[in-house]
Amino acid sequence: MKFHVIERSERIPLTAQTVAYLRKDNWNDFSFQTLFRLEVVEKQKKIDIGLVKIAFREQTTTTPTYHKLKDTFTELTNDFFSLGESADYYQNLKSLTPQTKKTVLTALNDLANNPDVINQIRDEEVLKTSLLRDHSLTTVKGEFSRIILDQPKLTNFKFTFSRTKSEEMGGIELNFNVDKETNPPSNIHALIGRNGSGKTTILNGIISTITDTTSEPNCTLYERVRRKKTPISQDYFSSLVSVSFSAFDPFTPPKDQPNPSKGTCYFYIGLQDPDNERRLRSIDDLRHDFIKSLVNCFRKRSKRQLWKDTICKLNSDENFEQMNLRSMYSDYVDLKRETEGQVDSRVFRAKLLDLVLPKLCSGTVNLAT
């Protein structure tokens with residue numbers, strides 16, 4: 001099967017032969033240009049598979065991937081590797097005949113189809129910055145790979161947090177069981193106890209054990225499979241987010257670890273300054289985090305829809321409805337059209353913050369009166 005690299009607006013002929021087209025996209029991830037839209041013509045029918053990122057070893061920000069690709073090819077060399085932008089990409093591949101699906105995955109050196117390649121390219125900057133920008137290794141090796149194999153996207157899992165007894169603290173063992181079929185969902189757990197009973201200490205122990213297995217020698221996380229316990233792997237969890245807005249919390253959060261190729265990603269949301277344990281973060285710092293997250297939500301279709309659904313539910317309260325929060329997406333679209341700039345740039349985010357901040361400030365006044 002042939003792959004053709006085409007321009008963004010180029011028309012695709014409907015032929016009897018099975019042909020794949022990689023449509024160029026000018027989007028860049030912090031200056032890496034790796035994005036294409038894959039469309040396949042099979043049995044004179046065009047099938048839009050979706051967005052895929054293709055990169056190559058030792059790629060730098062000065063060389064877009066399409067500069068290295070031939071206009072027509074049958075398969076990429078081992079220097080190249082690819083990853084679909086979402087689970088939908090892999091679901092759409094199932095619309096093809098099994099042989100065509102296999103050919104596409106193999107020819108593009110898809111990482112979800114062959115996860116072992118990840119260990120060979122783990123230190124590539126383009127992998128961390130572009131291909132794994134919105135995905136963890138757990139998602140690639142788990143969810144995406146299961147879709148390819150026609151297995152369920154979600155699986156049950158069981159793990160245990162264990163802390164052995166020491167002079168300072170007592171021993172404890174907490175078992176977590178998650179069943180994907182239960183309703184309400186069983187992946188939400190609450191830790192309940194009176195003040196001073198050690199809730200924060202336990203949570204901090206779990207955080208430290210996941211982010212740095214050597215920092216808490218008395219603490220271990222185990223995966224439980226058929227009554228057998230084994231220490232969890234470095235990428236067992238896709239990401240860890242700790243949220244704390246207490247100004248009196250003695251917890252000093254670890255530094256953010258956003259690189260999925262290094263294992264579990266870690267993100268801290270709160271008032272503490274990870275770079276200075278004696279300093280609380282400023283209002284400007286929190287606003288910067290907010291607008292950065294807002295842009296990330298608007299940039300991806302799945303997150304954007306989730307954001308809209310959430311705002312719709314909040315609008316059942318007339319105070320929220322008066323804030324007209326849904327218009328923030330219109331502000332984003334209008335600004336993107338006017339500036340034609342990169343939406344993840346600092347300049348774009350600063351301009352968007354100026355547009356949406358009055359809505360949030362006026363909302364605070366409405367809620368307080």
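Springs between Cα atoms under 10 Å define the GNM used for the chain, and in it the highest mean-square fluctuation of Ala87, Ala190, Ala112 occurs at Ala190.
In a simple Cβ point-charge model (Lys, Arg +1; Asp, Glu -1; nothing else charged), the range 1-146 has a dipole of about 480 debye relative to its Cα centre. Between Asn183 and Asp284, the modelled label-to-label distance comes to 4.9 nm, taking each label 7 Å out from Cα in the direction of the beta carbon.
Cβ-to-Cβ counts within 10 Å put His189, His135 in ascending order as His189, His135, the fewest first.
Place the peptides 244-250, 128-134 in order of packing, highest mean first, counting for every residue the other Cβ atoms within 10 Å and averaging per peptide. Display every interim value, and only then the final one.
Numbers: 244-250: 10.4, 128-134: 21.6.
Ranked from most to least packed, the peptides come out as 128-134, 244-250.
Backbone geometry of the range 326-331 corresponds, through the Karplus equation with coefficients 6.51, -1.76 and 1.60 at θ = phi - 60°, to 3J(HN,Hα) couplings of 4, 5, 5, 5, 4, 4 Hz, x marking Gly and Pro. Label-to-label distance, Lys303 versus Asn276, with points set 7 angstrom from Cα along the beta-carbon direction: 2.8 nm. Full extension of the chain between Thr62 and Asp116 yields a length gain of 16.7 nm, computed as 0.36 nm times the residue separation minus the alpha carbon distance.
Summing charges over all other residues whose Cβ lies under 12 Å from the Cβ of Asn259, with Lys and Arg as +1 and Asp and Glu as -1, gives 0. Pairs of Lys residues in the range 283-368 are counted when their Cα atoms are under 14 angstrom apart and they lie 8 or more places apart or on different chains; the count is 5. Between the amide H of Gly50 and those of Leu38, distances stay under 5 Å, these residues lying 5 or more places away or on another chain, with hydrogens modeled in the peptide plane. I want to verify a result. In a Gaussian network model of the chain, Cα cutoff 10 Å, which of these has the top mean-square fluctuation: Phe56, Phe32, Phe290? The residue that fluctuates most here is Phe290.
Assuming a ≥ b ≥ c are the square roots of the Cα gyration tensor eigenvalues, decide whether the chain counts as rounded (a/c under 1.5), prolate (otherwise, with a/b larger than b/c) or oblate. Oblate shape, in that a/c is at least 1.5 and b/c is the bigger or equal ratio.
Using C-alpha pairs under 8 Å with a sequence gap of at least 6, the mean separation divided by the residue count of the chain gives a relative contact order of 10 percent. Against the compact-protein benchmark of 2.2 N^0.38 Å, the Cα-based radius of gyration of the range 283-368 scales to 1.08. Placing dummy labels 7 Å off each Cα toward the beta-carbon, the span from Gln257 to Ser9 is 4.7 nm. Relative to the longest principal axis of the Cα atoms of the chain, the long axis of helix 283-299 lies at roughly 40 degrees. Shown here for the range 52-110: GluC sites (Glu not before Pro) in loop regions (DSSP other than H, G, I, E, B) with at most 15 other Cβ atoms within 10 Å, namely Glu58, Glu75.
Of the trypsin sites (Lys or Arg not before Pro) found in the range 180-256, the ones in coil according to DSSP and having at most 16 other Cβ atoms within 10 Å of their Cβ are Lys180, Arg194, Arg226, Arg227, Lys255.
Applying the Karplus relation 6.51 cos²θ - 1.76 cosθ + 1.60 with θ = phi - 60° to the range 49-62 yields 3J(HN,Hα) values of 7, x, 7, 9, 9, 10, 9, 9, 4, 6, 5, 10, 5, 7 Hz, where x marks Gly and Pro. Taking every DSSP beta bridge that has both ends in the range 230-328, the antiparallel portion is near 35%.
Phi-derived couplings, Karplus 6.51 cos²θ - 1.76 cosθ + 1.60 at θ = phi - 60°, listed residue by residue for the range 66-73: 5, 6, 9, 7, 6, 4, 9, 8 Hz, with x used for Gly and Pro.
Checked against a 22 Å cut-off, the cross-linked pairs Lys2/Lys153; Lys94/Lys153; Lys24/Lys70; Lys24/Lys141; Lys70/Lys141; Lys165/Lys255 give Cα-Cα distances beyond that limit for Lys2/Lys153; Lys24/Lys141; Lys70/Lys141; Lys165/Lys255. Against the chain, whose longest principal axis is taken from its Cα atoms, helix 199-211 shows a tilt of about 30°. In terms of other Cβ atoms within 10 Å, Leu149, Leu76 run from fewest to most in the order Leu149, Leu76. Put simply, the range 118-272 fits an ellipsoid with semi-axes of 28, 21, 16 Å; these come from the alpha carbon gyration tensor as the roots of five times its eigenvalues, largest first.
Just subtract the alpha-carbon distance of Glu125 and Thr155 from 0.36 nm times their residue separation and send over the number in nm, one decimal.
Numbers: separation 30, 0.36 × 30 = 10.80 nm, distance 3.06 nm.
So the extension gain works out to 7.7 nm.
Computed from Cα atoms, the angle from the helix 346-368 axis to the main principal axis of the chain rounds to 40 degrees.
If you wrap the range 2-148's Cα atoms in a convex hull and average its projection over all directions, what's the area in nm²?
Numbers: hull surface 31.4 nm².
Hull-based average projected area comes out at 7.9 nm².
By the beta-carbon count within 10 Å of each Cβ, the least crowded to most crowded order of Glu168, Glu223, Glu277, fewest first, is Glu168, Glu277, Glu223.
We did not get these values from a lab; they are worked out from the coordinates using the rules stated. Note that the structure is predicted; figures quoted are calculated from it, not measured. In this analysis, Cβ positions are derived from the backbone assuming ideal geometry, glycine residues included, and neighbour counts consider all displayed protein chains.
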